[in-house]
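**Q** Sending over a structure as structure tokens; questions will come in a sec.
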Amino acid sequence: MTDMITIGVAIAIPEPHATVLSEWRRRVGDPEASRIPTHVTLLPPTEFAQDELAKIEDHLAWAAEQVGPFVMRLSSTGTFRPVSQVVFVQVSAGIAECELLERAVRKDPIVREVEFPYHPHVTVAHDIGDAALDEAFEALREFVAQFRVASFVMYCQDPDRTWHARREFALTGS
């Protein structure tokens, strides 16, 4: 049997914003805070055979050529409750570029059904109690950050479910 690997593709949130949001995730008791880098998802966790990685990386390099660098703005909070127990910081600028990247990433050979329509966001609390979700929602209501996005990252998940950056792809489109 071929060894399998779980990858995810995301826009990494830069410092100091990544630490601020990660610390809030930790503060409200989200156990995933230390395992998941702060990010905007382009491809959720997806399993591939190890021997497919070169083809996947070639495809991601192509996807990075489809969109140029852009400005992302994060502001305020949102939630997917009651459908999903998630509180997030909203992407308020850079949405179209995230959508273009997500579509490019999820073309053949990365064909993956998704459970929900794509909605770029930064998760700050997931599958924890209502009081903790409410705390994250209220505490980050005034959060604002703006930064330049010049790349996205392919992450790999370790057996202990911790995510690590494997490769960064510079955005080179126009």
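The values are calculated or read from the model by the stated rules, or taken from the named source; none is laboratory data. Here the structure is a predicted model, which means the values were calculated and not measured. Neighbour counts run over all protein chains shown; Cβ positions are idealised from the backbone, glycine included.
**Q** Considering each residue of region 1-57, count those that are more than 17 Å from the chain's Cα centre (by Cα) and hydroxyl-bearing (Ser, Thr, Tyr), and give that number.
**A** Summing the residues that are more than 17 Å from the chain's Cα centre (by Cα) and hydroxyl-bearing (Ser, Thr, Tyr) in region 1-57 gives 1.
**Q** Further question on the same structure: When the residues of region 140-157 are narrowed to those that are assigned to a loop (DSSP other than H, G, I, E, B) and not aliphatic (A, V, I, L, M), which ends up surrounded by the most Cβ atoms within 10 Å (Cβ to Cβ)?
**A** Phe143
**Q** Which of the strands (runs of 3 or more DSSP E) found entirely inside region 1-98 contain at least 1 residues meeting this: touching a Pro at 6+ places or on another chain (Cβ under 6 Å) and within 21 Å of Arg161 (Cα to Cα)?
**A** The qualifying strands (runs of 3 or more DSSP E) are 4-12, 39-49.
**Q** Kindly evaluate Glu135 against the criterion of being of a type outside the set (A, V, I, L, M), at pLDDT 95 or above and either assigned to a loop (DSSP other than H, G, I, E, B) or surrounded by 12 or more Cβ atoms within 10 Å (Cβ to Cβ) (or both).
**A** It is true that Glu135 is of a type outside the set (A, V, I, L, M), at pLDDT 95 or above and either assigned to a loop (DSSP other than H, G, I, E, B) or surrounded by 12 or more Cβ atoms within 10 Å (Cβ to Cβ) (or both).
**Q** Six or more apart or on different chains, Cβ under 6 Å: which pairs go from a residue in region 95-115 that's under 18 Å from Ala12 (Cβ atoms) to one that's surrounded by 12 or more Cβ atoms within 10 Å (Cβ to Cβ) and among the hydroxyl-bearing types (Ser, Thr, Tyr)? Could you list them?
**A** Note: pairs meeting the criteria are Glu102/Tyr118.
**Q** Asp160 versus (1) crowded, with 19+ Cβ neighbours inside 10 Å; (2) assigned to a loop (DSSP other than H, G, I, E, B); (3) not aromatic (Phe, Trp, Tyr): which is the lone unmet condition?
**A** The number of the failed condition is (1).
**Q** How many of the residues in region 88-100 are within 21 Å of Ala136 (Cα to Cα) and under 14 Å from the mean Cα position of the chain (by Cα)?
**A** The qualifying residues number 4.
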